[in-house]
Each structure stands twice: as C-alpha cells, then as structure tokens.
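Have a look at the structure below, then the notes.
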Amino acid sequence: MKILLLGATGRLGAALRRRLDRAGHEVAAPGRGEVDLAQGDGEIQQALRRHDFELLVNAAGATNVDACELDPAQADRLNHTAVGTLAAAARARGARLLHFSTDYVFAGDGDGTPLRESDPTHPISAYGRSKLAGEQAVLACDPANLVARVCWLHGPDKPAFPETVRQAARTGGTLRTVVDKWSTPTSCPDIAEWVAQFLAQGLPGGVLHLCNAGGCSWLEYACEVLRQLREREPAVTHDPLVPTPLAAMAMFRAPRPPRTVLDTSRLAELLGQPPRSWQSALAAEP
C-alpha cells in the first residue's frame with residue numbers, strides 16, 4: 001500500500017515508519033518543512049498533491065498539553081483545522097485517513113471503570129478540546145476513517161517517562177510522581193504492530209482505543225519502571241520517587257483528566273486476542 005505518514009520523526013511516527021517499511025508498504029514520510037500543519041489549508045493541500053497515497057497516517061500535531069493551554073488558537077489550528085484539511089484531501093483522492101488522538105478527550109471524572117470508545121467525551125483542557133474537534137472533523141468527512149486514541153506513549157525512539165525515572169534512579173536525583181492520575185502506559189512499537197496487522201486484514205473505521213491492557217497511576221508506573229530497572233541493574237538501589245498529588249503539581253498550566261484508563265475490548269476483538277499488558281510491553285523495551 002502507498003502510505004503517506006506525517007509526524008515520522010516523533011516517538012510514535014518513527015515506530016510506525018519502521019514497522020510499515022518492514023511490512024513492505026511504500027511509505028513516504030515528508031518532514032515539517034514539506035507538510036506543515038501550521039500553514040493554511042491551501043498550502044497543506046498543495047503539499048499533499050505532491051504525493052500519491054492510498055492511506056494518510058497523521059501522527060503529527062500539538063502534543064504539549066501546557067503549551068496548548070497557553071496558545072489554544074495554535075492548538076486548534078494544528079489538532080483540528082489542519083486535521084480537517086487532511087481528511088478532505090484524503091477523501092478527494094479516494095484514500096482513507098488514520099488519525100491519532102488522545103485519552104484527554106475525556107473528563108476523567110468517573111469511578112475509574114475503563115472508558116469505552118462510545119462513552120461521552122468532555123475534555124477539560126485546550127489540548128483535549130482541540131483533539132476532540134479533530135476527531136469530529138475526521139469522522140464527519142468520512143466515517144470510514146479511523147481515529148485511534150492513545151495514551152502515555154513510550155518507545156525506543158525518543159525519551160519518555162520511563163527514561164526520566166531511570167535517569168533519576170541512576171544519578172541519585174528526585175522525581176515528583178503523581179499518585180492520583182490513572183491511565184495506561186502504551187508501547188509505540190505495539191501500536192505500530194497493531195496498525196500493520198489491521199492493514200493486512202482490513203483497516204477498521206470509527207474510533208478505536210489503541211493501548212496496552214491494564215491501568216495504573218503515574219506512581220505505580222514509576223514503581224514498575226524501577227522494579228524492572230533493578231532486575232537488569234541490581235546496583236541501582238536509589239529510590240527517586242516523591243509521591244505527589246496532582247493538585248500540588250504547580251508547574252502544570254493545563255488541567256489533567258484524573259481517570260482515563262481506556263477499555264481495549266474492541267481492540268482485542270479486532271486482533272483476535274487481548275493486547276499484552278502494559279507491564280509486559282514495558283519490559284520488552286530495550
């Protein structure tokens with residue numbers, strides 16, 4: 001399949017490019033200098049016309065939650081308006097769009113029951129609102145498009161939360177770690193593997209939660225990172241974690257939804273088996 005991949009230099013985009021290349025797809029991955037979502041609709045459309053594709057994969061956008069809160073207009077431009085342009089461009093040439101979204105489309109104020117794709121959305125930050133608007137634009141343009149919600153991404157291509165924990169443990173540092181926010185750590189290579197499987201069997205449409213199984217708090221996540229680190233490096237004994245309530249994280253400019261563990265029942269049905277646990281996926285990372 002001819003695939004146009006946006007955001008290939010990011011953590012998720014790099015994993016997707018590597019796996020789709022290995023699957024034998026013809027992947028074009030233009031950089032921001034060629035396809036810039038901050039530009040106007042006409043410029044984006046013109047840039048896309050330079051490429052022949054059957055599937056457009058968008059792993060680009062504004063992801064810094066606090067920066068989005070400070071500049072909501074820019075967040076809406078990158079995560080909503082430009083995404084609608086991508087969807088229209090794909091439809092115009094008979095292609096489909098796979099767009100990545102986030103658990104931040106939910107308020108996270110429930111009882112912790114894993115959230116299904118059909119559960120009501122109610123974002124509480126500029127980032128979440130821009131991502132939800134992007135989802136709606138994608139599916140309004142073509143219900144056959146796929147919106148994939150992901151959360152707490154980690155992978156070998158760029159440092160993420162696990163690397164921060166390991167570095168603090170190895171150097172004797174401290175790390176304030178939130179005790180009352182829950183979601184699911186998710187492996188970018190696992191997401192790429194699932195996408196490759198979907199392309200082989202038929203890409204689904206609608207909304208799909210793409211994440212590993214299970215859920216945890218940020219503190220529980222960090223504790224598991226430390227446990228696995230000490231199995232590999234027994235000499236690392238320092239505990240850098242400082243348990244901290246979400247309300248005490250004064251450096252956060254945007255509100256965070258506290259409980260956004262995502263239900264993976266639909267993913268399991270499509271794969272023919274449940275996704276592996278977040279702990280197993282974390283252990284598989286180099």
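The values are calculated or read from the model by the stated rules, or taken from the named source; none is laboratory data. Keep in mind the model is a prediction, meaning the values are calculated, not measured. A quick note on method: Cβ atoms are made from the backbone with ideal geometry, for glycine too, and the neighbour counts reach across all protein chains shown. Ligands, DNA and RNA are excluded from the accessible area calculation, which covers all protein heavy atoms including side chains. Shrake-Rupley method; radii C 1.70, N 1.55, O 1.52, S 1.80 Å.
Figures for the structure shown
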{"read-out": "Residues of the range 259-277 classified as touching a strand residue (DSSP E or B) at 6+ places or on another chain (Cβ under 7 Å) and either under 24 Å from residue 65 (Cβ atoms) or outside any loop (DSSP other than H, G, I, E, B) (or both), total", "value": "9"}
{"read-out": "Those residues of the range 264-284 which are crowded, with 19+ Cβ neighbours inside 10 Å and farther than 24 Å from residue 175 by Cα, in sequence order", "value": "264, 267, 275"}
{"read-out": "Matching residues in the range 227-258 - criterion: being over 30 Å from residue 68 (Cα atoms) and assigned to a loop (DSSP other than H, G, I, E, B)", "value": "233, 234, 235, 236, 237, 238, 239"}
{"read-out": "Tabulated pairs, the range 37-56, first free of Cβ contacts under 8 Å to residues at least 24 places away in the same chain, second of a type in the set (A, V, I, L, M) and surrounded by 14 or more Cβ atoms within 10 Å (Cβ to Cβ), C-beta under 6 angstrom, 6+ apart or interchain", "value": "47/35"}
{"read-out": "Neighbours by Cβ (under 9 Å, 6+ apart or cross-chain): first from the range 155-178, farther than 18 Å from residue 216 by Cβ; second assigned to a helix (DSSP H, G or I) and open to solvent by 90 Å² or more (accessible area, probe 1.4 Å)", "value": "157/18; 159/167; 173/167"}
{"read-out": "Exclusive hit being under 18 Å from residue 150 (Cα atoms), in contact (Cβ under 8 Å) with a residue 24 or more places away in the chain and of a type in the set (A, V, I, L, M), set 222, 254, 213", "value": "213"}
{"read-out": "Residue within the range 121-129 that is among the charged types (D, E, K, R) and in contact (Cβ under 8 Å) with a residue 60 or more places away in the chain present", "value": "no"}
